[in-house]
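Contents: one structure, followed by commentary.
The values are calculated or read from the model by the stated rules, or taken from the named source; none is laboratory data. Only a predicted model underlies this, so the values are computations on that prediction, with no experimental measurement involved. Cβ atoms come from the backbone with ideal geometry, glycine included; neighbour counts cover every protein chain shown. The accessibility values were calculated without ligands, DNA or RNA, using every heavy atom of the protein model including side chains. Shrake-Rupley method; radii C 1.70, N 1.55, O 1.52, S 1.80 Å.
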Amino acid sequence: MHGPALSGWLLMVLCAATGAYCLLRAHAETGEERRAAHAEALMGFGMAAMAVPAALLTLPEGAWAAYATLFGGAALRSAWAARRGGHHLHHLVGSLAMVYMALAMAPGAGGGPHAGHGGGASGPSAGLPLLTGVLLVYYAFYVLSAAGRLIPVAGGAGTGAGAGTGVGTGVGGGSGAAAVAGGRRSRPELALACRVTMGLAMLAMLAGL
């Protein structure tokens, strides 16, 4: 992840932007959707921090222990929330993957400090190849599945928007305003796109281990 400077910058900006959108979405949602948006915002910002190019900032040794502790707590929270179903099982896997990468990149683990940021360069690999492979397979299937759902959702959202406009015209301005407000509040296609983006970023980070 600290490999080629350009890819590091792109990954950092992409994850930070995704985390920022999820944080904004959390303020517009309620209940389980709000909790899911908060978890995804934490994941986005955490991945952005991990992807900071080494030329910009060298993380202190204690940062990796802080990462492991933070996302270990997030994993416990997701495990508890998973009893209610929803997207929490995926959040649990993501939090555990972050703990794994933080431990793999800690000084003295595998290839030494920032070993996971090699960006494909030759050298000793960090982490456990089998576990890294399992996570890569999981995220590859997740991205493909989520991307497949994104296409019909986007099409349905466009149809819904047109229907909302029609209702607003036929019934009155009040109904149209309510439809617009509802559209601003809930954008499932954007939430799904953010999840696809973070899944791709996680694939890139795991591939660098």
Yes or no: R195 in contact with an Asp or Glu (Cβ under 8 Å, 6 or more places away or on another chain), farther than 17 Å from M50 by Cα, at pLDDT 90 or above and not hydroxyl-bearing (S, T, Y)?
yes
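One line per residue, one yes/no per condition, for (1) modelled with pLDDT of 80 or more; (2) assigned to a loop (DSSP other than H, G, I, E, B); (3) open to solvent by 70 Å² or more (accessible area, probe 1.4 Å):
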| residue | (1), (2), (3) |
| --- | --- |
| G110 | no, yes, no |
| G119 | no, yes, no |
| G123 | no, yes, no |
| L130 | yes, no, yes |
| G133 | yes, no, no |
| L136 | yes, no, no |
| F141 | yes, no, yes |
| L144 | yes, no, yes |
| A147 | yes, no, no |
Flag if A81 is closer than 23 Å to L203 by Cβ and of a type in the set (G, A, S)
no
Residues being modelled with pLDDT under 80, under 23 Å from L136 (Cβ atoms) and open to solvent by 90 Å² or more (accessible area, probe 1.4 Å) - total across region 79-99
0
Looking at region 24-78, which of its residues are part of a helix (DSSP H, G or I) and open to solvent by 70 Å² or more (accessible area, probe 1.4 Å)?
L24, H27, E33, R34, R35, H38, F45, T69, L70, L76, R77
